[in-house]
Every structure is written in structure tokens, then in C-alpha cells.
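My structure is below; once you've seen it, I'll send some questions.
The values are calculated or read from the model by the stated rules, or taken from the named source; none is laboratory data. This is a predicted model, so every value here is computed, not measured. Every residue, glycine among them, receives a Cβ derived from its backbone with ideal geometry; neighbour counts consider all protein chains shown.
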């Protein structure tokens, strides 16, 4: 009898250490479980021989997963045009029939970034590859004083000084192999990089919703959504849905 109680406590220890929600909150526990399973599966397929990367990412899982789960459970439904899928630990919303990033005006996009670029700003990136199209969340970690060049934590540099927000990935060097973000070390495979086009997008409600929900399209129609990485889930909790600009400037 004693051993059963001990086992039960050990199994729920991850959730009961989570603060004000604890293991008694069913939705919180379900989201944590889904995120844990998904991230461990992703780590098992990570192409790296660097043990320190794996140790750091595994060690950070409890903090990052609890943070995402707590946000998804406690945020009011009115905060964003998204709903919570507790079973899969993800967001879901209406998917447009066509990828919204394909029709965006490039000049307006460039002007928006020249005005609103800031450290930590969450931005969408259209990823076009042989697998189809999707919109990923990324964040700005560097930019030049004139804001003609912007560096994203995962997708690297974009030169918008000449009115261009699109680049092609030809080699693995195009995307930083070791981003600053602690949980962003995974990068595209070489086969993906050889045929990938990245486009920096001006954030809008439809575009950011699709990014948070993992919406995907082929070159004919929409397809099943992808699962967001834990890093993207963390970024989704930091989006300023009011106007998509930096929260730091509004304080």
C-alpha cells in the first residue's frame, strides 16, 4: 500500500511542482503530458552528437512546458482568435483555403518592419519547400541601427534595405546552427535547405493564427496541420495580439 502511494506521488511530481495549478487541474496535466511526449519524440530524432545540447534541452523541459501549459489554461478565450486543444497540447483555429502569406504586399511588409522592429519581437516567416508551405514563428534578436538588416533567432539575416524580404536557403550556413535561444538548436536538414525559400511576413491576425496553429498547404490546397515545436509554442504565448508590436514599448 505504501509503495503504491509512493509511486503515485512520483508520477505526479512533475505536475504538482507547477505552482498554483498543480496536478489537480486536469487540463493543465493533459497539456503538459502532450507537450512532453511531443518534445521527447522530437529530441529522439535530433541529428546531433553534442551531448551538452541534449542535456540542456532536456533539463529545460519542465520549465518551458509548465510555462506554456499554464498560459494555455489561464488565458481568457478572448485574448486571441485561437482555441486550445488540450489533448494535443496545441492551438487550433479556422484554416484558410490558401496560404495567406503568398498575397502579402512586399513594400508594406518592409515599411512595417522599418517602423516596428525591436528586440524579442515575434514575427512570422513563410517557409516554402518541396514539402509545401507553412508559416513559422520566430523572434528578432539582432538588427542594424538603420533596421535595413534584421536577424531572426532561427532563420538568420534578412536584408530589407533594398525592399526584399525573401531569401533562398542554399547551404546549412544560411540558418544559424546554434541560435541564441536555448531551445532552438534544431535546424533544417541539408535536403530541406537546398530547396527552401524563406519570406519575412508582416504579422496580421490571419497570418499569426495560421502560424500558431501549424497550418500547412501544398501547391493545390490545404493539408493537415503540423505540430509546433516547444520553442514555437513558447513564442506563441508572447504574441501581442492587439497590434503585433513589441510589448516592451507599450509598458
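Scanning region 1-34 for residues that are touching a helix residue (DSSP H, G or I) at 6+ places or on another chain (Cβ under 6 Å) and modelled with pLDDT of 75 or more, which turns out nearest to residue 89 (Cα to Cα)?
Only one residue fits best here, namely 31.
Only one of (1) under 16 Å from the mean Cα position of the chain (by Cα); (2) assigned by TED's automatic domain parsing to the domain that holds residue 149 is not met by residue 82, so which one is it?
Going through (1) under 16 Å from the mean Cα position of the chain (by Cα); (2) assigned by TED's automatic domain parsing to the domain that holds residue 149 one by one, residue 82 breaks only (2).
Somewhere in region 51-73, is a residue exposed (fewer than 14 other Cβ atoms within 10 Å of the Cβ), at pLDDT below 85 and within 19 Å of the chain's Cα centre (by Cα)?
no
If residue 174 meets every condition in (1) under 26 Å from residue 39 (Cα atoms); (2) modelled with pLDDT of 65 or more; (3) surrounded by fewer than 20 Cβ atoms within 10 Å (Cβ to Cβ) apart from one, which number is that one?
(2)
Next up: Identify the single condition in (1) within 22 Å of the chain's Cα centre (by Cα); (2) under 29 Å from residue 246 (Cβ atoms); (3) at pLDDT 90 or above that residue 37 does not satisfy, given that it satisfies every other one.
(2)
Here's another thing I want to ask about it. Which of the following residues is more than 30 Å from residue 35 (Cβ to Cβ), in contact with a strand residue (DSSP E or B) (Cβ under 9 Å, 6 or more places away or on another chain) and not assigned by TED's automatic domain parsing to the domain that holds residue 31: 148, 105?
148
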